[in-house]
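Take a look at the structure set out below.
The values are calculated or read from the model by the stated rules, or taken from the named source; none is laboratory data. A quick note: this is a predicted structure, and the numbers were derived from the prediction, not measured. Neighbour counts are summed over all protein chains in view; Cβ atoms, including those assigned to glycine, are modelled from backbone coordinates with ideal geometry. With ligands, DNA and RNA removed, areas are computed over all heavy atoms of the protein, side chains included. Shrake-Rupley method; radii C 1.70, N 1.55, O 1.52, S 1.80 Å.
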Amino acid sequence: MQTGRIIQSLSGYYDVQTADGQVFRTRARGQFRKNKEKPLVGDFVEFDSENGDGFLWAIDPRQNALVRPPIANIDLAVIVTALKEPDFNPNLLDRQLVALEAAGVPALIYFSKADLLDDQELEDYQNWQKLYQKIGYPVVMSGPKAVEELTPHLRDKVLVFMGQTGAGKSTLLNQISPELALETGEVSKALSRGKHTTRKVTLIPIPFLAALIADTPGFSSYEVFDFPVEDLVKYFPEMRAASVNCRFRACQHLNEPGCAVKEAVSLGTIAASRYNSYKLFYELMKARKPKYRKNK
Ligand SMILES: Nc1nc2c(ncn2[C@@H]2O[C@H](COP(=O)(O)OP(=O)(O)OP(=O)(O)O)[C@@H](O)[C@H]2O)c(=O)[nH]1
Ligand SMILES: [Zn+2]
């Protein structure tokens, strides 16, 4: 028995890389299908391989996983957010942050197109940068120092890049590693060609960072949250922290008296924009039709 990480899946085959860099093509054992357990790219697995015929025997417990792209054990998601063209949308950024918090995936915010801002705008955006940094998210602004600033955050990690179309993902990848940008571009083009194209998921190495990056970007615009609305506050770290002081244990931080979250918003220690996102998502989640399918 050997252990390794799945670095590619294609038509029911899983390519597993061992610590010494060797790659073995494997198939999942029938027991996985029976248990409705599906190996994901990024999974650490136990497998054996003889004469090129490999089988997966077990999947190690996952640290986290995303649906889009279907990758497990992600160390960092880089959210690429344009400051201009399209205009910065804090709501969209918060939506992506909440989805990542809910999935247990650490996030870094990359603000692209800072060069398109005038001095006044740049000052405003430095305030956004501070706001998110204070919550605990690393924030990097585009510019000549961006790659240098990003490098320590990316080293040795399994990465997913996400962000709206036109946000600047390819441009950033190109700055980090030109060969990589080319490769991802080609792969995503191949993927979008048609529904009948075989679904392939790959982690591509970035040798100088000793990192791996998913070849497909994460979700971009609208994402339905699939957790109970009561949990929403947990995924706003600064609100979660404040909410322990709410008078009522079941406080939803809307109209309840003695709400420590609203108090913090009025004092300015929690940003109004973040609270607005909370309220908006809350309303959207309340308004959606209940789903009767069992979540597994
Ligand atoms: N001025 C400026 N333009 C940028 C920057 N980043 C990206 N752009 C431009 O914005 C446009 C979109 O950038 P891309 O890198 O293709 O965006 P993307 O996120 O990969 O978009 P999709 O491939 O559609 O998902 C291109 O015309 C880029 O040249 C930046 O930092 N400054
Ligand atoms: Zn409250």
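If contacts are Cα pairs under 8 angstrom and at least 6 residues apart, what is the relative contact order of the chain in percent?
16 percent.
When the C-alpha to C-alpha distance is required to be over 27 Å, the pairs from 262/286; 200/234; 34/200 that qualify are 200/234. So if R0 is 35 Å, what FRET efficiency would residue 156 and residue 224 give, r being the distance between their Cβ atoms, rounded to the nearest 0.05? Approximately 0.60, to the nearest 0.05. Farthest toward the positive end of the dipole of the chain, out of 248, 162, 69, is the Cα of 248, where the dipole comes from beta carbon charges about the Cα centre. What a 1.4 Å probe finds exposed on the stretch 2-59 is 46% carbon and sulfur by accessible area, rounded to a whole percent. Geometric descriptor of the stretch 65-214, per residue, is 115 Å³ (volume of the convex hull of the Cα atoms).
The magnitude of the dipole of the stretch 1-143, with charges of +1 and -1 set on the Cβ of Lys/Arg and Asp/Glu and taken from the Cα centre, is near 800 debye.
Here residue 248 and residue 84 are evaluated by their C-beta separation; at R0 = 41 Å the FRET efficiency comes out at 0.45.
For the chain, give the share of DSSP beta bridges that are antiparallel, in percent and rounded to the nearest 5; count only bridges with both residues there. Write out the running numbers ahead of the final one.
Values: 29 of 48 bridges.
Percent antiparallel among DSSP bridges in the chain is about 60.
For the stretch 229-287, the fraction of 1.4 Å probe accessible surface lying on carbon and sulfur atoms is 53 percent.
Here's the picture: a label point sits 7 Å out from the Cα of residue 33 along the beta-carbon direction, and within the stretch 59-99 the residues with their amide nitrogen under 18 Å of it are 59.
Two numbers describe the Cα atoms of the stretch 229-287: Rg and Dmax, which are 10.3, 30 Å.
Please work out the average accessible area per residue across the chain, using the 1.4 Å probe convention, and give it in Å². Provide the component values of the computation, followed by the final result.
Working: 16050 Å² over 296 residues.
I get 54 Å² per residue for the chain.
Taken along the Cα-to-beta-carbon direction at a fixed 7 Å, the label points for residue 121 and residue 147 span 2.5 nm.
How would you rank 103-113, 44-54, 261-271, highest first, on the average number of other Cβ atoms within 10 Å across their residues?
By packing density, highest mean first, the sequence is 103-113, 261-271, 44-54.
Legend note: in the chain, cysteines whose Cβ sits 4.7 Å or more from every other cysteine Cβ are 259. Taking the accessible area of the stretch 65-214, probe 1.4 Å, and keeping the other protein chains in place, the carbon and sulfur fraction comes to 52%.
Computed over the Cα atoms of the stretch 1-58, pair by distinct pair, the Kirkwood hydrodynamic radius stands at 11.0 angstrom.
Evaluate the chain: find the radius of gyration of its Cα atoms, find its Kirkwood radius, and give the ratio Rg to Rh.
1.00
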